[in-house]
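Engineer: Please read through the structure below; I'll follow up with questions.
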Amino acid sequence: MTKEPVAVVGIGQTKHTAARRDVSIAGLVREAAVRALEDAQLTWSDIDAVVIGKAPDFFEGVMMPELYLADALGAVGKPMLRVHTAGSVGGSTALVAAGLVAARVHRTVLTLAFEKQSESNAMWGLSLPIPFQQPLLAGAGGFFAPHVRAYMRRTGAPSGIGALVAYKDRRNALRNPYAHLHEHDLTLDQVRSSPMLWDPIRYSETCPSSDGACAMVLTDRAGADRAPYPPAWMHGGAMRSEPTLFAGKDFVSPRAGRDCAADVYRQAGITDPRREIDAVEMYVPFSWYEPMWLENLGFADEGEGWKLTESGVTELDGELPVNPSGGVLSTNPIGASGMLRFAEAALQVRGRAGEHQVDGARKALGHAYGGGSQFFSMWVVADTSPAG
């Protein structure tokens, strides 16, 4: 039996900010869910199941929050699944929901991811001890900075590439009303001169801590036929993982990421991603990861990713726009950050991305990664169904 085509017919997100003190976690997730339902012109009764994801429970200190969020999400008496794959969880949550539709287990599924970082301390929550090493790590940036330095040594990339990425994404965020950071007066020189946090990562080259949620309504072909707006069709989706530490691990370009991208492209019939994909929503929490992931995902040869960034290829009006929404560098509710990449990719091919719409976008990639560059989830969405 062939898979059921999966369509994204509703997308909703909150206004992301440092602290949403006006709502509880339940209020935050319901806000995104209601907006997704309104976009799809559906009601709670139209939803067959709910798939929810977030980052580690110890961030907010609320264990298994999905149990008490069932009321807020119209899930009482309905199947409700929880997904967790560290920072990539937003993407993998969407893929689990898509799998339920593709397998014809459910016809219409609400999928949602969130984080309320104002009620947690992710900085120190992520400062985990590394066996047999001095306890010098502080936050995720302390873990990833050596990998960035390895990339720079391996490729000969000049030191200013990270600033170009950060400046681009923060400017793109000004076009996105939901983005957390709206730095209207930011200049490239300010990015370059911002304080050094984890050499070579500067303050303006790192992601913020955000409160926010994102939701999508996924449905089958019959549901898509009834949708009020053009849907985004899933052409391929995959997850891959590998250990955090093992002999021979390539921290600069993890094999799990390469394998995940190859699987997604195979499913979508893509042989030249640089030419066939019109927009990319890439998980870039620290600016240097744009050129690193450009290589890992097959958009550039090894050692060439930084040249695409430097030459303007990844700008909003470039040949391969990367993070037109402003990306994780501008909005980072950790549990939802991956789903935002998937949802923003879907908005592009639906032609509903507003001021950060990429002209003529018909096929887009959503990408998320998490943990110690060990969990990866991706999907390719397009404006036509896989069968036509």
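Engineer: Only residues that are assigned to a loop (DSSP other than H, G, I, E, B), closer than 16 Å to residue 230 by Cβ and of a type in the set (D, E, K, R): list them for the range 1-50, please.
Structural biologist: Within the range 1-50, none qualify.
Engineer: Select, from 81, 110, the only residue that is within 17 Å of residue 342 (Cβ to Cβ), open to solvent by 60 Å² or more (accessible area, probe 1.4 Å) and not charged (D, E, K, R).
Structural biologist: Working: 110 fails: open to solvent by 60 Å² or more (accessible area, probe 1.4 Å).
Testing whether each residue is within 17 Å of residue 342 (Cβ to Cβ), open to solvent by 60 Å² or more (accessible area, probe 1.4 Å) and not charged (D, E, K, R) leaves just 81.
Engineer: Now for a different question. What is the residue count in the range 302-327 for residues that are over 14 Å from residue 166 (Cβ atoms), buried (at least 24 other Cβ atoms within 10 Å of the Cβ) and of a type in the set (Ser, Thr, Tyr)?
Structural biologist: Qualifying residue count for the region: 1.
Engineer: Tell me which residues, restricted to the range 49-71, are more than 18 Å from residue 118 (Cβ to Cβ), surrounded by 15 or more Cβ atoms within 10 Å (Cβ to Cβ) and aliphatic (A, V, I, L, M).
Structural biologist: Answer for the range 49-71, where residues must be more than 18 Å from residue 118 (Cβ to Cβ), surrounded by 15 or more Cβ atoms within 10 Å (Cβ to Cβ) and aliphatic (A, V, I, L, M): 49, 50, 51, 52, 70.
Engineer: Hey, among the residues in the range 349-366 that are assigned to a helix (DSSP H, G or I) and in contact with a Lys or Arg (Cβ under 9 Å, 6 or more places away or on another chain), which one's farthest from residue 166 (Cα to Cα)?
Structural biologist: 349
Engineer: Let me ask something additional. If the Cβ limit is 6 Å and pairs must be 6+ apart or interchain, which residue in the range 328-339 that is closer than 10 Å to residue 284 by Cα and in contact (Cβ under 8 Å) with a residue 24 or more places away in the chain pairs with which residue that is among the aromatic types (Phe, Trp, Tyr) and part of a loop (DSSP other than H, G, I, E, B)?
Structural biologist: Taking only residues 6 or more apart or on different chains, the pairs are 328/283.
Engineer: Restricting attention to the range 239-265, and to residues there that are among the aliphatic types (A, V, I, L, M) and without any contact (Cβ under 8 Å) to a residue 40 or more places away in the chain, which single residue is most open to solvent (accessible area, probe 1.4 Å)? Explain how you work it out, then say what you get.
Structural biologist: Quick first cut of the range 239-265, residues among the aliphatic types (A, V, I, L, M) only: 239, 245, 247, 252, 256, 261-262, 264.
Next, only the ones that are without any contact (Cβ under 8 Å) to a residue 40 or more places away in the chain stay: 247, 262.
Values: 247: 103, 262: 58 Å².
So, considering only residues that are among the aliphatic types (A, V, I, L, M) and without any contact (Cβ under 8 Å) to a residue 40 or more places away in the chain, the one most open to solvent (accessible area, probe 1.4 Å) is 247.
Engineer: What is the residue count in the range 354-369 for residues that are touching a helix residue (DSSP H, G or I) at 6+ places or on another chain (Cβ under 9 Å), over 12 Å from residue 280 (Cβ atoms) and either surrounded by fewer than 24 Cβ atoms within 10 Å (Cβ to Cβ) or modelled with pLDDT under 95 (or both)?
Structural biologist: 4
Engineer: Let me ask something else about it. Taking the range 223-254 only, how many residues are part of a loop (DSSP other than H, G, I, E, B) and closer than 15 Å to residue 370 by Cβ? Let's see the steps before the verdict.
Structural biologist: Taking the range 223-254 and keeping what is part of a loop (DSSP other than H, G, I, E, B), we get 226-231, 242-254.
Okay, now just the ones that are also closer than 15 Å to residue 370 by Cβ, so 242-244, 251, 254.
Going through the range 223-254 one residue at a time, the tally reaches 5.
Engineer: Taking the range 183-228 only, how many residues are free of Cβ contacts under 8 Å to residues at least 40 places away in the same chain and closer than 21 Å to residue 343 by Cα?
Structural biologist: Matching residues across the range 183-228 total 2.
Engineer: Another question, then. Taking residue 169 as the residue in question, decide whether it is within 23 Å of residue 361 (Cα to Cα), under 21 Å from the mean Cα position of the chain (by Cα) and buried (at least 19 other Cβ atoms within 10 Å of the Cβ).
Structural biologist: Criteria met by residue 169.
Engineer: Scan the helices (runs of 4 or more DSSP H) fully inside the range 256-327 and keep the ones with 1 or more residues being in contact with a helix residue (DSSP H, G or I) (Cβ under 6 Å, 6 or more places away or on another chain) and closer than 21 Å to residue 208 by Cα.
Structural biologist: Values: elements: 273-276, 289-296, 305-310.
Result: 289-296.
Engineer: Report, ordered by the first and then the second residue, all pairs with beta carbons closer than 7 Å, sequence separation of six or more or different chains, a first member in the range 370-388 that is in contact (Cβ under 8 Å) with a residue 24 or more places away in the chain, and a second member that is of a type in the set (A, V, I, L, M, F, W, C) and part of a loop (DSSP other than H, G, I, E, B).
Structural biologist: Once the first residue is in contact (Cβ under 8 Å) with a residue 24 or more places away in the chain and sits in the range 370-388, its partners that are of a type in the set (A, V, I, L, M, F, W, C) and part of a loop (DSSP other than H, G, I, E, B) give 370/86; 371/86; 373/251; 375/86; 380/270.
The values are calculated or read from the model by the stated rules, or taken from the named source; none is laboratory data. Since this is a predicted model, take the numbers as computed values, not measurements. Glycine also receives a Cβ, built like all others from the backbone with ideal geometry; neighbour counts cover every protein chain displayed. SASA here: full protein model, heavy atoms, side chains in, ligands and nucleic acids out. Shrake-Rupley method; radii C 1.70, N 1.55, O 1.52, S 1.80 Å.
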